[in-house]
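Working notes for the structure below.
The values are calculated or read from the model by the stated rules, or taken from the named source; none is laboratory data. Small disclaimer: the values here were computed from a predicted structure and weren't measured. Ideal geometry is used to build each Cβ from the backbone, glycine not excepted, and the neighbour counts take in all protein chains shown. To get the accessible areas, we keep the full protein, side chains included, count just its heavy atoms, and leave off ligands, DNA and RNA. Shrake-Rupley method; radii C 1.70, N 1.55, O 1.52, S 1.80 Å.
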Amino acid sequence: MKLNQLIRPHLQHLIPYSSARDEYTGDTGVFLDANENALGSLAGEGWNRYPDPYQKKIKMKISDLKDVHFSFIFLGNGSDEPIDLLIRAFCEPGKDAILISSPTYGMYKVSANIHNVRIIDCPLTPDYQLDTEKIVDHLKDVKLTFICSPNNPTGNIFDKKAIKTILEKSKGLVIVDEAYIDFTLEESWVSELKNYENLVVLQTFSKAWGMAGLRVGMAFANPELVSILNKIKPPYNISGPVQKLISSALDHSERKNEWVSHILAQRNDLAEKLTSLSNVVKVYPSDANFLLVRFTDARSVFDKLIHDKVIVRDRSKVHLCDNSLRITVGTVEENELLMKSLKSYE
Ligand SMILES: *Cc1c(COP(=O)(O)O)cnc(C)c1O
């Protein structure tokens, strides 16, 4: 794969913004290069300085944790930022296309729409797996293929062989969105980066790590691709306080693992309880921290839950998700309130 042939022509020779912090990377010195306020910051110690544009400290820790080389890591303002940057870097508005398999995460489509990039949808099969044949038929027409695994909102992970086939037959990039990877026993595609130079893996600090409010997502890809994303991103896309918070959170990944075990136990418990309700048609198997549940009449269940101030996601208008609600696993107490509301309506 030649990234230089895939990238939008006007970006091939883009000269990126050169920030003051690009030219000198030492930690100490007299910094008179960035027009900051040398006297201090009203927000507290240290925030008068621009943050590290490449978030090196965080990337070192992620590199250790995930056994992936530093140069394969890109950090964005949520994983929504790399989704947007990939479309911006590779898809010519009004000409190029991306491929998605609905029902799936909404941002691929929204980002493509924002940039006037065509969307080719190869919907999942009725058992919520990738329609590999159909996808392969369309690979020649697209620059980017988005695969969300475990998938939102169906909750399941996709067959590894199917993704391999797509990676092998694709002339463009294949993006595997692993926002929910912590909740499955299956292995991450990060370990396959060495074998597929057209693979991009997305992960996030928003779900298992409990830091949705900080807005940090990870993209893993070959260094050449990472450098393209670095060229077109806003120079200081992760703020200083956020870098500091993420960095210290990374020293406590065992806490994240404990949460995951707890959430998985609660998920299984909740699935069992939901299955026993008379108006539940099906609780779909989940590799994530939520359950997709088919009811006899999802809309009225949704309204009853809202009335009791329990908010879930109504997916019943979404392709292949008739009468289905997506329910995030909450705390023990929250799950009890959910069940209480549902039982009183049954
Ligand atoms: C929640 C979610 C994300 C996370 O997005 P952030 O911008 O990192 O918060 C990404 N992909 C999928 C499929 C999700 O469900």
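To keep it simple, each residue is scored yes or no on (1) in contact with a Pro (Cβ under 6 Å, 6 or more places away or on another chain); (2) open to solvent by 80 Å² or more (accessible area, probe 1.4 Å); (3) modelled with pLDDT under 95.
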residue	(1), (2), (3)
Lys233	no, no, no
Ala249	no, no, no
Ala265	no, no, no
Lys282	no, yes, no
Lys309	no, yes, no
Arg315	yes, no, no
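For the subset of region 189-212 comprising residues that are among the polar types (S, T, N, Q) and open to solvent by 30 Å² or more (accessible area, probe 1.4 Å), which member is nearest to His138 (Cα to Cα)?
Of all residues in region 189-212, those among the polar types (S, T, N, Q) come to 191, 195, 198, 203-204, 206.
Now drop any that are not open to solvent by 30 Å² or more (accessible area, probe 1.4 Å), which leaves 191, 195.
On the way: Ser191: 27, Asn195: 23 Å.
Among them, the one singled out is Asn195.
Could you tell me which of the residues Tyr128, Tyr50 is part of a loop (DSSP other than H, G, I, E, B), more than 16 Å from the ligand (Cβ to nearest atom) and surrounded by 17 or more Cβ atoms within 10 Å (Cβ to Cβ)?
On the way: Tyr128 fails: more than 16 Å from the ligand (Cβ to nearest atom).
Sole residue among the options that is part of a loop (DSSP other than H, G, I, E, B), more than 16 Å from the ligand (Cβ to nearest atom) and surrounded by 17 or more Cβ atoms within 10 Å (Cβ to Cβ): Tyr50.
Do the conditions hold for Val110, that is, is it outside any loop (DSSP other than H, G, I, E, B) and more than 15 Å from the chain's Cα centre (by Cα)? Quick ask: steps written out before the conclusion?
Details: outside any loop (DSSP other than H, G, I, E, B): yes; more than 15 Å from the chain's Cα centre (by Cα): no.
When the stated conditions are applied, Val110 does not pass them.
Quick one: in region 57-79, of everything that is touching a strand residue (DSSP E or B) at 6+ places or on another chain (Cβ under 9 Å), assigned to a helix (DSSP H, G or I) and more than 17 Å from Leu214 (Cβ to Cβ), which residue is nearest to the ligand (Cβ to nearest atom)?
Taking region 57-79 as the starting set, the residues that turn out to be touching a strand residue (DSSP E or B) at 6+ places or on another chain (Cβ under 9 Å) are 58-59, 62-63, 66, 68, 72-79.
Imposing the further condition that a residue be assigned to a helix (DSSP H, G or I) reduces the set to 58-59, 62-63, 66, 72.
Those left that are additionally more than 17 Å from Leu214 (Cβ to Cβ): 63, 66, 72.
Details: Ser63: 19, Lys66: 16, Phe72: 18 Å.
Among residues in region 57-79 that are touching a strand residue (DSSP E or B) at 6+ places or on another chain (Cβ under 9 Å), assigned to a helix (DSSP H, G or I) and more than 17 Å from Leu214 (Cβ to Cβ), the one nearest to the ligand (Cβ to nearest atom) is Lys66.
Hey, could you check region 317-346 for residues that are among the polar types (S, T, N, Q) and assigned to a loop (DSSP other than H, G, I, E, B) and say which is modelled with the lowest pLDDT?
Quick first cut of region 317-346, residues among the polar types (S, T, N, Q) only: 323-324, 328, 331, 335, 341, 344.
Filter once more, so that each one left must be assigned to a loop (DSSP other than H, G, I, E, B): 323, 331, 344.
Details: Asn323: 98, Thr331: 97, Ser344: 93.
Within region 317-346, the match that is modelled with the lowest pLDDT is Ser344.
Just checking, does region 268-278 include any residue being surrounded by 14 or more Cβ atoms within 10 Å (Cβ to Cβ), in contact with an Asp or Glu (Cβ under 6 Å, 6 or more places away or on another chain), in contact (Cβ under 8 Å) with a residue 40 or more places away in the chain and not polar (S, T, N, Q)?
Yes, region 268-278 contains at least one residue that is surrounded by 14 or more Cβ atoms within 10 Å (Cβ to Cβ), in contact with an Asp or Glu (Cβ under 6 Å, 6 or more places away or on another chain), in contact (Cβ under 8 Å) with a residue 40 or more places away in the chain and not polar (S, T, N, Q).
Are any of the residues in region 229-248 touching a residue at least 40 places away in the same chain (Cβ under 8 Å) and either touching a Ser or Thr at 6+ places or on another chain (Cβ under 8 Å) or within 22 Å of Pro103 (Cβ to Cβ) (or both)?
yes
Out of everything in region 146-170 that is assigned to a loop (DSSP other than H, G, I, E, B) and either closer than 16 Å to Ala221 by Cα or hydrophobic (A, V, I, L, M, F, W, C) (or both), what residue ends up being farthest from the ligand (Cβ to nearest atom)? Walk me through it before giving the result.
If we filter region 146-170 for residues that are assigned to a loop (DSSP other than H, G, I, E, B), which is where we start, we get 149-159, 170.
Remaining after also requiring either closer than 16 Å to Ala221 by Cα or hydrophobic (A, V, I, L, M, F, W, C) (or both): 157-158, 170.
Working: Ile157: 12, Phe158: 13, Ser170: 20 Å.
So, considering only residues that are assigned to a loop (DSSP other than H, G, I, E, B) and either closer than 16 Å to Ala221 by Cα or hydrophobic (A, V, I, L, M, F, W, C) (or both), the one farthest from the ligand (Cβ to nearest atom) is Ser170.
Please verify whether region 47-59 includes one or more residues that are among the aliphatic types (A, V, I, L, M) and closer than 21 Å to Ile228 by Cα.
yes
Would you be able to say whether some residue in region 24-34 is open to solvent by less than 70 Å² (accessible area, probe 1.4 Å), without any contact (Cβ under 8 Å) to a residue 40 or more places away in the chain, more than 30 Å from Glu92 (Cα to Cα) and aliphatic (A, V, I, L, M)?
yes
Look at Pro82 and say whether it is assigned to a helix (DSSP H, G or I) and within 12 Å of the ligand (Cβ to nearest atom). Write out each step before concluding.
Numbers: assigned to a helix (DSSP H, G or I): yes; within 12 Å of the ligand (Cβ to nearest atom): yes.
So Pro82 passes the test.
Looking only at region 86-102, filter to residues that are small (Gly, Ala, Ser) and away from the ligand (no atom under 16 Å from the Cβ); which one of those is most open to solvent (accessible area, probe 1.4 Å)?
Of region 86-102, the ones small (Gly, Ala, Ser) are 89, 94, 97, 101-102.
Filter once more, keeping what is away from the ligand (no atom under 16 Å from the Cβ): 89, 94, 97.
Working: Ala89: 0, Gly94: 67, Ala97: 1 Å².
Per the criteria, the residue is Gly94.
Of Ile166, Ile157, which residue is open to solvent by less than 20 Å² (accessible area, probe 1.4 Å), more than 23 Å from Lys59 (Cβ to Cβ) and not charged (D, E, K, R)? Quick ask: steps written out before the conclusion?
Numbers: Ile157 fails: open to solvent by less than 20 Å² (accessible area, probe 1.4 Å).
Going through Ile166, Ile157 in turn, the sole match is Ile166.
Taking the stated definitions as given, is Val310 in contact with a Leu (Cβ under 8 Å, 6 or more places away or on another chain) and closer than 25 Å to Glu178 by Cβ?
Values: in contact with a Leu (Cβ under 8 Å, 6 or more places away or on another chain): yes; closer than 25 Å to Glu178 by Cβ: no.
So Val310 fails the test.
Can you tell me which residue is surrounded by the most Cβ atoms within 10 Å (Cβ to Cβ) among those in region 171-188 that are charged (D, E, K, R), within 14 Å of the ligand (Cβ to nearest atom) and not in a helix (DSSP H, G or I)? It would help to see each step written out before you state the result.
So the first thing to find is which residues in region 171-188 are charged (D, E, K, R), and the list is 171, 177-178, 182, 186-187.
Those still in the list that are within 14 Å of the ligand (Cβ to nearest atom) too: 177-178, 182.
Next, from what is left, pick out any that are not in a helix (DSSP H, G or I): 177-178.
On the way: Asp177: 27, Glu178: 24.
This residue is Asp177.
Give me the helices (runs of 4 or more DSSP H) completely within region 189-295, filtered to those with at least 1 residues that are within 14 Å of the ligand (Cβ to nearest atom), in contact with a helix residue (DSSP H, G or I) (Cβ under 8 Å, 6 or more places away or on another chain) and more than 18 Å from Asp177 (Cα to Cα), ordered by residue number. Don't jump to the end; show me each part of the working.
Values: elements: 223-232, 240-249, 253-275.
Helices (runs of 4 or more DSSP H) meeting the threshold: 240-249.
Search region 103-125 for residues being of a type outside the set (A, V, I, L, M, F, W, C) and more than 28 Å from Ile228 (Cα to Cα), and hand back the single one that is nearest to the ligand (Cβ to nearest atom). Please lay out each step first, then the result.
Here is the first cut: in region 103-125, the residues of a type outside the set (A, V, I, L, M, F, W, C) are 103-106, 108-109, 111, 113, 115-116, 118, 121, 123, 125.
When the remaining residues are screened for being more than 28 Å from Ile228 (Cα to Cα), the result is 103, 123, 125.
Numbers: Pro103: 11, Pro123: 17, Thr125: 19 Å.
Only one residue fits best here, namely Pro103.
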